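What follows is a set of notes on a single structure, which appears directly below.
All of the numbers you see were taken from the coordinates with simple rules; none came from a lab. Everything quoted here is computed from the prediction, not taken from an experiment. Cβ placement follows ideal geometry from the backbone for every residue including glycine, while neighbour counts extend to all protein chains displayed.
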């Protein structure tokens, strides 16, 4: 029985859901359409049927250094995810399996870091990074992204670890295994789906990050989201290229998001809703 | 001695690396931020002076109208965005809460806004909202309408619209998950007692969904308060300063054009305190709800 009563899909709800779905994907489809149009076609929204051109994609890879942006994004995202999963995963196990004083307070302190406005951290980090001479490097972004990836990993992985029965570990302890051996040999293999899902969410969040990337990089380490700055002043001139680079930016995240669809709600709520 | 300290607290080995890194990454910059906010440091100038609370006095003496305007629209945006997205998300969750074959497709569509890079979202909506060549006005023309979406009057509402597009599916997914996990017993008991629909909703559904709703409110309220990506690529804070939300105000003061790091640090401190207070209140409410339940 459904608690809220009505369970049937009426024509009205079906139509409403169709409209919602179309509204949700339309901007993506529209950007795709513009990216496949030629220069003059982009300014005429009434053209729906045309022979697609890949000119815009060719241009962004040849003239707008799209490969460099892709490379920077990939390096930063992969390294920060790897480090965050390692450090955050350890901490998550600590929170999941041990009882200690003020445990929940510490866990919620970790969660509250997610609420920090990046705009407030980025000013001092900008000044500090320029003193250290690490502005516009991959390193500074990798470090900054740990600021939101580690709290996320701790909360996500904690919820996955807590689902693994304690009895499994106790059996291993009886056999003489140490806590760390148990963690590596028993817990981690069992938590692999969770680790993969968490990593993918870290990848999505880091890939989409904009504030740190905008302030802390200028040319050598700029990531894909910062390409919006290329098209601020002269909007209306190169809509095709603008859309092409937008598509290049969001396609990977959409792909990853579809892979973790099953864990989507859990990921969006830091493991709060399963 | 150190050894026995760690043996008594085995959890420390696991959680210390993360706590130390997170602590260093938040406490040091925060102290630095407070430090910067009492200087007149400017980008490109090697020397600076301590000016005490001058930056703060300027903000709170009432002379800085731009600052108060930013505070106003940021708080207004936070309220409007959270309330609208909660209402729409709830409605969408009710629509979804039934069995049908193509549900997975609807979910796949709803995930597009959730996962889309926010700065790119702003950019594609800028194309769609273009007054002359944008597709929104192309559709509206069939109904004989035309809206200058990004004019001084409309830009705030257009930004709100884009934020609603991007984040309503997120709220809907959370509340939907909550509805799916509702227990059936209380409803059966209520049916036996002859409760009406409104009573059931008010006394059973709402309290059971409360943690989910709060969770959605926490994320949406805080994220819309500190929002930067969408207005940056959609309006650049303009036209004029009509959509200069707090984050954009900080950006303009400190980086675009003027380079007054000291003054923008003071505004950042205000934003930091604002988000901290609001998130503390909401997280406390959430913890109360969760801990009472379990």
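Tabulated results
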| quantity | calculated |
| --- | --- |
| At q = 0.13, 0.18, 0.23 Å⁻¹, base-10 log of I(q)/I(0) for the stretch B:54-162 (Debye sum, equal scatterers on each alpha carbon) | -0.76, -1.12, -1.25 |
| Prolate/oblate/rounded call for chain A, Cα gyration tensor, a/c under 1.5 rounded | oblate |
| Footprinting exposure proxy for B:173, B:95, A:78 (fewest neighbouring C-beta atoms within 10 Å first) | A:78, B:95, B:173 |
| Sequence-separation-based contact order of chain B, relative, with Cα cut under 8 Å and 6+ spacing, percent | 28 |
| Simple label model, 7 Å out from Cα along Cβ direction - residue A:181 to residue A:255, nm | 4.2 |
| Average partner coverage of A:215-224, which counts Cβ from other chains inside 10 Å | 1 |
| Tilt relative to chain A, helix A:138-161 - C-alpha long axis, 0 to 90 degrees, to 10 | 50 |
| Mean-position separation - Cα centroids, the stretch B:190-210 and the stretch A:179-251, in angstrom | 43 |
| Prolate/oblate/rounded label for chain B (Cα gyration tensor, a/c 1.5) | oblate |
| Cα gyration tensor, the stretch A:210-259 - rounded (a/c under 1.5), prolate or oblate | oblate |
| Cα centroid separation, the stretch A:121-162 to the stretch A:9-33 (Å) | 37 |
| 0 to 90° range, to nearest 10: angle between helix A:239-259 axis and chain A longest Cα axis | 30 |
| Exposure proxy order (Cβ contacts within 10 Å, fewest to most) of B:5, A:263, B:34 | B:5, B:34, A:263 |
| Ranked B:54, B:66, criterion: other C-beta atoms within 10 Å, fewest first | B:66, B:54 |
| Max mean-square fluctuation residue, GNM over chain A, Cα-Cα springs under 10 Å, options A:183, A:173, A:210 | A:173 |
| Max mean-square fluctuation residue, GNM over chain A, Cα-Cα springs under 10 Å, options A:191, A:213, A:177 | A:177 |
| Spin-label model distance (nm) - residue B:53 vs residue B:285, 7 Å beyond Cα toward Cβ | 3.1 |
| Largest-first principal axis extents of the Cα set of the protein assembly as shown (Å) | 73, 69, 51 |
| Fully extended contour minus Cα-Cα distance, from residue A:15 to residue A:101, at 0.36 nm per residue | 25.6 nm |
| Where labels lie 7 Å past Cα in the beta-carbon direction, separation of residue A:131 and residue A:74 in nm | 3.6 |
| Reference-scaled alpha-carbon Rg (2.2 N^0.38 Å with N residues) for the stretch A:56-201 | 1.32 |
